[in-house]
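Just so it is clear, none of the values below were taken in a lab; they were calculated from the coordinates. Every value quoted in this text rests on a predicted model; they were computed, and no experiment measured them. Every residue, glycine among them, receives a Cβ derived from its backbone with ideal geometry; neighbour counts consider all protein chains shown.
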Amino acid sequence: MKRGFQVVSTYQEAGLTLPKRQTKQAAGYDFAAATDFTLPSIWKGNFIRALYKLRQAKRYLTTEELDRADKSLKPYLVPTGIKAYMQPDEVLILVNRSSGPLKRRLILPNGVGIIDADYYDNPANEGEIFVQLVNYGLRDYHIKKGERIAQGIFVPYLVADQEEVPQAKRSGGFGSTKQ
């Protein structure tokens, strides 16, 4: 087995569909939401209040006000219930589906997601892939179970000559590597 997808154990009985390409020459495998999920609009709540105060009141915000506003901009992790296996010199890159921003106002806030080969079956979350999304639309967006939310592309990568090869092993899941 060189590369592919599996359902994580917590979703074995959920009837999930493995990511697949939609056309013969498509590069991306479509990832779907594992559950119904509501993504709130960033324009609700503390973010818009902070913008109003900055613009209209022409005053600085307190640390507490900034923290509340910043929290409303935090992306949400939408579960897919899927893990990916691949060769050690490959990576799975998650990107927006073209319809995400255009039709639904949903974006990956970091532009891309990187799923390393050693993320598969990690002890923290079994390697489940989550899609970071932000809803910049004016309304909350309700993702339905099975709705396609991102696409993944397997890509080989190169390493630098005379690199000092890292000796650390992955100890956890999402965002687990520390400096």
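Some points to look at:
- Contour excess over end-to-end distance, with Cα ends at residue 99 and residue 74 and 0.36 nm allotted per residue: 6.8 nm
- Alpha-carbon Rg with Dmax, taken over region 25-115, Å: 17.7, 55
- Taking 26 Å as the straight-line reach from the Cα of residue 53, the lysines in range (excluding those fewer than 8 positions away in the same chain) are 44, 71, 74.
- Per-residue ellipticity at 222 nm computed for the chain from its helices equals -2500 deg cm²/dmol, with DSSP H segments shorter than 4 residues left out and the rest contributing -39,500 (n - 2.57).
- Label separation (residue 118 vs residue 43): 4.4 nm, computed from points 7 Å beyond Cα along the C-beta direction.
- Fewest neighbouring Cβ atoms within 10 Å first, the residues 93, 114, 82 line up as 114, 93, 82.
- Approximate spin-label separation residue 20-residue 2, in nm, with each point projected 7 Å along Cα-to-Cβ: 2.1
- Selected from 31, 154, 47 as most flexible by GNM, with the chain as the system and alpha-carbon contacts under 10 Å: 47
- Aspartates and glutamates whose Cα lies under 12 Å from that of residue 2, excluding same-chain neighbours fewer than 8 positions away: 89, 90
- Note on the chain: GNM, Cα springs under 10 Å; of 24, 53, 74, the largest mean-square fluctuation is that of 24.
- The chain - Rg (one decimal) and Dmax (whole number), Cα, Å: 18.8, 61
- Reduced Cα scattering model of region 105-172, Debye log10 I(q)/I(0), q = 0.13, 0.14, 0.19, 0.23 Å⁻¹: -0.58, -0.65, -0.99, -1.19
- Top of 77, 158, 94 by mean-square fluctuation, Gaussian network on the chain, Cα under 10 Å: 158
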